[in-house]
1. Only one of (1) buried (at least 18 other Cβ atoms within 10 Å of the Cβ); (2) touching an Asp or Glu at 6+ places or on another chain (Cβ under 9 Å) is not met by Phe88, so which one is it?
2. Since Val14 meets every condition but one in (1) surrounded by 15 or more Cβ atoms within 10 Å (Cβ to Cβ); (2) touching a Cys at 6+ places or on another chain (Cβ under 7 Å); (3) among the aliphatic types (A, V, I, L, M), which condition does it not meet?
3. Can you pull out every residue in region 120-152 that is touching a Lys or Arg at 6+ places or on another chain (Cβ under 7 Å) and among the hydrophobic types (A, V, I, L, M, F, W, C)?
4. Just checking: which of the strands (runs of 3 or more DSSP E) contained wholly in region 15-85 hold 2 or more residues that are among the hydroxyl-bearing types (Ser, Thr, Tyr) and closer than 26 Å to Gly133 by Cα?
5. Name the residue that is nearest to Leu15 (Cα to Cα), counting only residues in region 129-180 that are polar (S, T, N, Q) and either outside any strand (DSSP E or B) or touching a His at 6+ places or on another chain (Cβ under 7 Å) (or both).
6. If Ala96 passes every condition in (1) under 24 Å from Ser10 (Cα atoms); (2) touching a strand residue (DSSP E or B) at 6+ places or on another chain (Cβ under 7 Å); (3) in contact (Cβ under 8 Å) with a residue 40 or more places away in the chain but one, which one does it miss?
Amino acid sequence: MNNLPESSGSPLVVLGKIVSVHGVRGSVKVYSDTDPLDNVLDYPEWILRKGQQTRTIKFLDARVQGRILVVNLEGVTDRDQALGMVGFEICVVQDALPDLDVGEYYWHQLEGLQVITVQGELLGRIDHLLETGSNDVMVVRPCEGSLDQRERLLPYLPDLYVKSIDLQSGVMQVDWDPEF
C-alpha cells in the first residue's frame with residue numbers, strides 16, 4: 001500500500017467501503033455504492049481513506065456475494081492484514097468518473113444543494129440520497145433560512161417533482177407542497 005501523493009488535485013468521491021473480513025486468506029467484504037454494485041471494479045486502483053489516513057491499493061480479483069463483493073487486495077494475504085483494512089472508504093478521484101449525459105447527475109453532485117419550491121420557499125439542503133425499490137429519495141434537512149425545521153423525504157423524480165437543477169448556484173427547484 002502506498003501513501004497518496006499530496007497534490008492529487010481532483011476531489012475524492014466515495015464509491016464504497018470495506019466492511020469486514022472474509023475467511024483467513026486476507027479477503028475483505030466490500031459494500032459498494034455503485035449501481036450495479038460491481039461497477040466499483042471498473043477502477044483497478046482505489047484510494048482508501050479512513051479519517052486523515054489515505055492510501056492507494058489495487059484489487060487483484062473480486063466476486064459478487066449477495067449484496068456485497070468479496071475482494072482480494074494486493075499485499076493483503078492474511079486475516080490480520082485484512083482486519084486492518086476494515087472501515088476504509090473506497091474512493092477515486094472525481095476526474096476518473098465517466099461523463100454523464102445532460103440531465104444526469106451523480107449523487108455526490110446533488111448532496112448539499114438547496115431545495116426550493118416553485119413558489120420560492122426554501123425547504124432545506126439535500127443531506128444524502130436513499131435507494132429504494134421504486135425510485136431514489138432525497139433526504140432534505142433544514143438549514144439556515146429554511147421554511148421550518150422539518151426533515152423531508154422527497155422522491156427524486158425529475159419528470160414529476162424535480163423541475164430544475166443548477167449545480168453552479170447550488171439550487172434544486174422542486175414542485176412540492178411544503179406541508180407534505
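1. The single condition Phe88 does not satisfy is (2).
2. For Val14, the failing item is (1).
3. Leu123, Val140, Cys143
4. The strands (runs of 3 or more DSSP E) meeting that bar are 27-32.
5. Among residues in region 129-180 that are polar (S, T, N, Q) and either outside any strand (DSSP E or B) or touching a His at 6+ places or on another chain (Cβ under 7 Å) (or both), the one nearest to Leu15 (Cα to Cα) is Thr132.
6. For Ala96, the exception is condition (2).
Taken together, the values in this text are just the output of simple stated rules run on the coordinates, not laboratory data. Here the structure is a predicted model, which is why all the values come from computation and not from measurement. Note: ideal-geometry Cβ built from the backbone for every residue, glycine included; neighbour counts use all protein chains shown.
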